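For reference, the structure discussed in these notes is given below.
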Amino acid sequence: MEGAVEDLIQTICSYNLDKHVEAISAEEIQKLSKYYNWSMYQALLHATKYSLNAMKERICGRRNSPKLELKPFFDVDV
């Protein structure tokens, strides 16, 4: 993802603009990079939370949900 953002920034910076259009500032490039970094962080955070909550429900089960029967997360044979 980081490589794709760098490629995007490079493509934007290398594009030939008309003479009356001002060039892109370094501040705007930094904002774009920070936005994609924040978006990636949020995606990883939500995926991790979802996975951990799903694992918690699978291990502990739901106490108030008789209609849903979950298979055990692991079997122990003693």
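The values are calculated or read from the model by the stated rules, or taken from the named source; none is laboratory data. Please read all numbers here as calculations on a predicted model, not as lab measurements. Here the Cβ positions follow ideal geometry from the backbone for every residue, glycine too, while neighbour counts run over all protein chains shown.
Here are the numbers for this structure:
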item	result
Residues (surrounded by 10 or more Cβ atoms within 10 Å (Cβ to Cβ) and at pLDDT 85 or above) located in the stretch 14-30	28, 29, 30
Residue in the stretch 68-75 that is at pLDDT 85 or above and aromatic (Phe, Trp, Tyr) present	no
Complete set of residues in the stretch 1-13 that are surrounded by fewer than 10 Cβ atoms within 10 Å (Cβ to Cβ) and within 15 Å of residue 34 (Cα to Cα)	3, 4
